[in-house]
Structure formats: structure tokens, C-alpha cells
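Colleague: Quick one: structure below, then a few questions.
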Amino acid sequence: MKFQDGGVNTHDRARATEGYTLFAPVRHDKAYLINNDGHVVNQWQLGMGGINRCQLTESGNLLVNEGSEDGPPLYAGKAGYLREYDWDGNLMWEHHDQYHHHDGRRLSNGNSIYIAWDPFDDALATRVRGGLPGTEKNGVIYGDVIKEITSDGEVVWQWGTREMEIEKYPICPLCPRAEFAHANTCSPMPNGDIMVSFRVLNLLIVIDKKTREITWEYQDLSLGHQHDCHMLPNGNVLVFANGFHGQDVNMFSTVREINFETKETVWEFKADPVTSFFSANISGAQRLWNGNTLICEGNRGCLFEVTPEGEIVWEYVNPYLSAHPAFGTTNWIFRAFRYAPNAPELAGRL
């Protein structure tokens, strides 16, 4: 079946949020910054290709998660490198960890934080409940570890799923046992704590950076193996609920704003018809400064902006194709982020 035509399909200039959108298509060899007309205003040549999340640093450099040849025999979210390129594409810094996957970002203190796999020994593996029997990867179950490193690569803080009450959180019965938890987001909170999304557990948690305790959790089957949880300036949580393996009443994607204290959904985007919006994996959302929300429907390579009332005022389909080792040709986008025209990351550049 033919991919949807790439480029901008909808642009309500009066209501769309002016700015520049950054994305690195999954396993593509470039990262792109586009304006609202879909024109590329800057691009970066990558090594093995962009994997997962990318962002602009305070100085305007590109920090991107890229793939490596080594590492465990897992492909979902596999990375290996955190790399920083200047505006002209020169490599300024890199950190290699063969176990790195999914998320990696720069902290306000100049350190970086990322997710890595952690192979469980037999004692830990026997504590893992749920999942499809016999689907360990070469007999191994991989947990996750969140690592904070300095610019020299020194690990100054880490926390792993081996510290959880593993028996309390069974893997989704339709998912392989190759991974316990499958973290796909490590989002720093304003107070320095870390919010984490565990896909195969349908679970969001907050880790106290100092005590290492889990101080908040939200688990709901209807999240459908969610992505991109993070705290909004109003103290609520925004999350992309994929709707994969969901209940039969919600086998479609939504974006939810959840009250952190009551855990009630206070805003939600659903498509009309609801089944027209669905991404089984990857994906994310960003609340923009005017109240609109930028949504990354990753499996369709579609970025679109909605008003608080759910009206689509901008839509862009990624025209750049790449080869995925398990799914063939795709135009997937893991995450996207929009920057305001006066954003400090863009100062003096556009």
C-alpha cells in the first residue's frame, strides 16, 4: 500500500503555532528542522541514522540518539550512541554505551541522562511474571537502567528496574519476556526527579532522585503500551496512549493530560472517527505555548497540531523513507519537538 503523500497537508495559518519542528526519522541518515510550510531550514548528516529522541541544546546544537553495530540482540529502540552536532553538522561530543536504547537527553546541569538495557541474572529472571512463555532473548531477560553521565562519560547516578518489586508488575501477557518493563521515556521533572514510562507494564512511575524510591505510579491497561510521559508546567502529566493490546473499547490511540494528584484524565484528544488515529508503538506529544498540542503519530510518520477543542490546524507527513530491520520500509518518527521563533536554542541562527 502506498504511503500517504509527504509534506504539509493542513495549515491553518491563523491558528497553527508559529515555529520550527525538529525530528529525526527512525533509522534515517539525517535529522531535519522544518518551518510550518514544511521547508527544511537546517539538516544534520548522521552516522548510522537517528534512533529515537533528538533535541536542540541551549547552545543550539543537536543532541541525538544514534544506532551502533554492537549491543544485545534486541531491535526495539536500539541505539548505542548519544551524539552532539553543532549547527553546521560537525560532531562535537559523543558517548557510546552498547546497551543504550530509546531515550537520551541533556540535563540543565550539563550532564546527560539515558536508558540502557540491563541483562538479568537467573535469580532476577525467575522473579519476572507474565509475558509469552519461552520468549526470552537467547534465554535472557533484559531489565532497564537509567544512567546520568558527565560530559566525560562518568556515571554519577543510576537506577535500575532490578530495584523494583518485580513480582508486583507482570509483563503484558501478549508481550515477549525478552524485556522486563521496556522503558521508553526518562523525563526529568522540575524538582530533578525522573518520570519513566514502562511500555509492557502499562506503567508510569516517578523515581525520587535522592531516595531512589518510587514516589508515584500510574498503571492503566487502557494506556496501551504508552510513550512520552512528561510533566506540564501546570503540574499535570501529558502522555501518548498508544492503545496497543488495549481493551476492545479503546483499540486506538489518544493523547491524555492526567491530573498528577487525582490521576483523573482532565483533557484528551481522540480522532473522529476514533480509529483514524492509531500508532501501535513509538509516538509522543508536546503541549505548545499557546495551548495547542503537537502530536507525533509515529507509525504513520505524521505530525499534527490540534487546538484544545481537538481541531487539527496543521499536519505534516514525513516524506523521508528508511529501512527498518524488522518492518522493512518505513517513514516512522519516534518524537518531534517544536521551537518558538524566539527560542534561545535558535537565537541568531534563523
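The values are calculated or read from the model by the stated rules, or taken from the named source; none is laboratory data. A quick note: this is a predicted structure, and the numbers were derived from the prediction, not measured. Cβ: placed from backbone, ideal geometry, glycine included. Neighbour counts: every protein chain shown.
Colleague: How many of the residues in region 79-100 are in contact with an Asp or Glu (Cβ under 8 Å, 6 or more places away or on another chain) and assigned to a strand (DSSP E or B)?
Modeller: 9
Colleague: Determine whether Gly80 is more than 25 Å from Asp208 (Cα to Cα), at pLDDT below 95 and within 19 Å of the chain's Cα centre (by Cα).
Modeller: Criteria not met by Gly80.
Colleague: Going by what's in this entry, would Glu261 be described as closer than 22 Å to Val200 by Cβ and without any contact (Cβ under 8 Å) to a residue 60 or more places away in the chain?
Modeller: The answer is no for Glu261.
Colleague: Something else now. Conditions: (1) under 19 Å from the mean Cα position of the chain (by Cα); (2) closer than 27 Å to Gly67 by Cβ. Met189 meets all but one. Number of the miss?
Modeller: Only one criterion is unmet by Met189, namely (2).
Colleague: I'd like to verify a number: residues in region 210-235 that are part of a loop (DSSP other than H, G, I, E, B) and of a type outside the set (Ser, Thr, Tyr), how many?
Modeller: Qualifying residue count, region 210-235: 11.
Colleague: I'd like to verify a number: residues in region 175-208 that are in contact with a helix residue (DSSP H, G or I) (Cβ under 6 Å, 6 or more places away or on another chain) and assigned to a strand (DSSP E or B), how many?
Modeller: Total meeting the criteria: 2.
Colleague: Does Leu204 fit the bill of being crowded, with 23+ Cβ neighbours inside 10 Å, under 26 Å from Cys296 (Cα atoms) and either touching a residue at least 60 places away in the same chain (Cβ under 8 Å) or not aromatic (Phe, Trp, Tyr) (or both)?
Modeller: It is true that Leu204 is crowded, with 23+ Cβ neighbours inside 10 Å, under 26 Å from Cys296 (Cα atoms) and either touching a residue at least 60 places away in the same chain (Cβ under 8 Å) or not aromatic (Phe, Trp, Tyr) (or both).
Colleague: Can I ask one more? Scan region 144-159 and tell me whether some residue there is surrounded by 23 or more Cβ atoms within 10 Å (Cβ to Cβ) and over 20 Å from His95 (Cα atoms).
Modeller: No, because not a single residue in region 144-159 is surrounded by 23 or more Cβ atoms within 10 Å (Cβ to Cβ) and over 20 Å from His95 (Cα atoms).
Colleague: Go through region 244-262 and report how many residues are closer than 30 Å to Leu132 by Cα and modelled with pLDDT of 95 or more.
Modeller: 4
Colleague: List pairs: first residue in region 78-94 and surrounded by 13 or more Cβ atoms within 10 Å (Cβ to Cβ), second residue modelled with pLDDT under 95 and of a type in the set (A, V, I, L, M) anywhere in the structure, Cβ distance under 6 angstrom, at least six positions apart or on different chains.
Modeller: What qualifies is Ala79/Ile51.
Colleague: Hey, another quick one. Return yes when Trp289 is hydrophobic (A, V, I, L, M, F, W, C), at negative phi and surrounded by fewer than 19 Cβ atoms within 10 Å (Cβ to Cβ) and no when it is not.
Modeller: Answer is yes for this residue.
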